[in-house]
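The values are calculated or read from the model by the stated rules, or taken from the named source; none is laboratory data. In this text, all values refer to a predicted model and were calculated from it rather than measured experimentally. Cβ placement follows ideal geometry from the backbone for every residue including glycine, while neighbour counts extend to all protein chains displayed. What goes into the accessible areas is simple: the full protein's heavy atoms, side chains included, and nothing from ligands, DNA or RNA. Shrake-Rupley method; radii C 1.70, N 1.55, O 1.52, S 1.80 Å.
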Amino acid sequence: MFLIFTFLRHISKIEKRDINTYTHVRTYTHTYIHAHTHTYKHTYTHTHTHTYIHTHTHIHTYTHTYIHTCMHYFVQESINEGQYVVVIRLDVKGAFDAAWWPGILTYLKNLRCPRNLHKVRVSYFNERAAYVTLNNGTVQRKVSKVCPQGSASGPGFWNLQYNSLLNLEYTKNTKVIAYADDLMIIVKGTTQVEVENYANMETQKVAKWARNNKVNFNDQKLKIMVITRNKPKNRRDFNIFLNNKNLKQEDTIKYLGIIIDRRFNFNEHIDNIAGKCIKIIHALSKSSKIKWRQRHDVLRIIYAGAILPILSHGAPIWIEMLEPKT
């Protein structure tokens, strides 16, 4: 426990509101320039008001922190104003396998991709097929989807399609955040009815986009959560629908490793990471007895590699909850 509280005392000295303290990522919230290949370098310099960070990056941890900070700022500001906030968590079924080639080519054309580069992409997607051989028989089927994960161009193709979802005409009460195929829609409103109506308007737009782009969402990961510090007279579940299905309301939602609760105080997350660290410390204590004691430098390495990443993940948005209330 000494290691945990030593770290927490150290990190609490950092300025928590300065996003640049925690991330080296450019401000993708307003300008997203993707130059993964020559195609996107020439055609895809796009400005939008929502947040999208793709997953193929060597600054994985900083990216998560930046997204968490964007989410935290929007939600905290809303509940400070006494508003209700609905968080909708969506996950694309099949992830990159859901990338629909005709839609990608259409988006390239709309972005005024140079003709020669567009023809290269048309050729790349043309006459592709999947084969399955069982015993003495072979089955062939034409393929019009899939951007293989790990491929050089896969993330760029996926970004082209998913960016169109971020650029839908959302209301000013809405914030949309996407990381790879994980989507979070955050809607605020002054009353329960208002936020419910706004949320249903946005899910209708998302459902229409999904139909047009041949995308399905994972039903098991479709969740909503209501965040408020108000005390409504008649507390009830919110009726928010996607494709005529009433989305399940939860008390907590986990997004990119952070557990968000309906009071937005991150108690669930803090308890969770503290429990994980205690288990690791107990495991280490078994090999640090009097007769088999580990050297301090070895314990420091284990602490830095096993405990510190757990404690520091998303710390800028929840560390203030550990400060004494005045």
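Report the semi-axes of the equivalent ellipsoid for the stretch 228-268 in whole Å, largest first, where each axis is √(5λ) for an eigenvalue λ of the Cα gyration tensor.
Equivalent-ellipsoid dimensions as semi-axes: 21, 18, 6 Å.
As an exercise, take the mean of 1/r over every pair of distinct alpha carbons in the stretch 131-185, invert it, and state the Kirkwood radius in angstroms.
On the way: mean 1/r = 0.0697 Å⁻¹.
Evaluated on the stretch 131-185, it is 14.4 Å.
Suppose a student asked you for the relative contact order of the stretch 171-318, using Cα pairs under 8 Å spaced at least 6 residues apart; what percent would you report?
On the way: 114 pairs, mean separation 22.2, N = 148.
With pairs under 8 Å counted, the relative contact order is 15 percent.
Keeping all protein chains in place, calculate the accessible area per residue for the stretch 185-246 (probe 1.4 angstrom), answer in Å².
In whole numbers, the stretch 185-246 has 58 Å² accessible per residue.
Have a look at 222, 206, 193 and report the one farthest towards the positive end of the charge dipole of the stretch 181-241, computed about the Cα centre with Cβ charges (Lys/Arg +1, Asp/Glu -1).
The residue sitting most towards the positive pole is 193.
At a probe size of 1.4 Å, how large is the accessible area of residue 251, to the nearest 10 Å²?
Accessible area of residue 251: about 90 Å².
Against the 2.2 N^0.38 Å scaling, with N counting residues, where does the stretch 133-289 land? I'd like the Cα-based Rg ratio to two decimal places.
Dividing the Cα radius of gyration by 2.2 N^0.38 Å gives 1.41.
Order 183, 284, most accessible first, counting only protein heavy atoms with a 1.4 angstrom probe.
Largest accessible area first, the residues go 284, 183.
Taking all protein chains together and a probe of 1.4 Å, list 172, 221, 205, 286 from the most accessible to the least accessible.
172, 286, 221, 205
P(r) tail for the stretch 154-221, what percent of Cα pairs lie past 19 Å?
35
Can you tell me the FRET efficiency between residue 152 and residue 77 if r is taken as the Cβ-Cβ distance and R0 is 30 Å, rounded to the nearest 0.05?
So, using R0 = 30 Å, E works out to roughly 0.15.
Quick one: what are the phi-derived ³J(HN,Hα) couplings along the stretch 176-193, Karplus 6.51/-1.76/1.60 with θ = phi - 60°, whole Hz, x for glycine and proline?
10, 10, 10, 9, 6, 9, 8, 10, 10, 10, 10, 10, 10, x, 7, 10, 4, 5
Using packing as a proxy for protection, rank 114-122, 87-95 so that the peptide with the highest average count of other Cβ atoms within 10 Å comes first.
Values: 114-122: 13.4, 87-95: 19.4.
Going from most to least packed, we get 87-95, 114-122.
Determine the share of the stretch 147-241's accessible area contributed by carbon and sulfur atoms, expressed in whole percent, with a 1.4 angstrom probe. Before the final figure, lay out the partial values.
On the way: 1910 of 4260 Å².
Ligands and nucleic acids excluded, carbon and sulfur reach 45 percent.
With every protein chain in place, what's the accessible area of residue 219 (1.4 Å probe, Å², nearest 10)?
Approximately 90 Å² for this residue.
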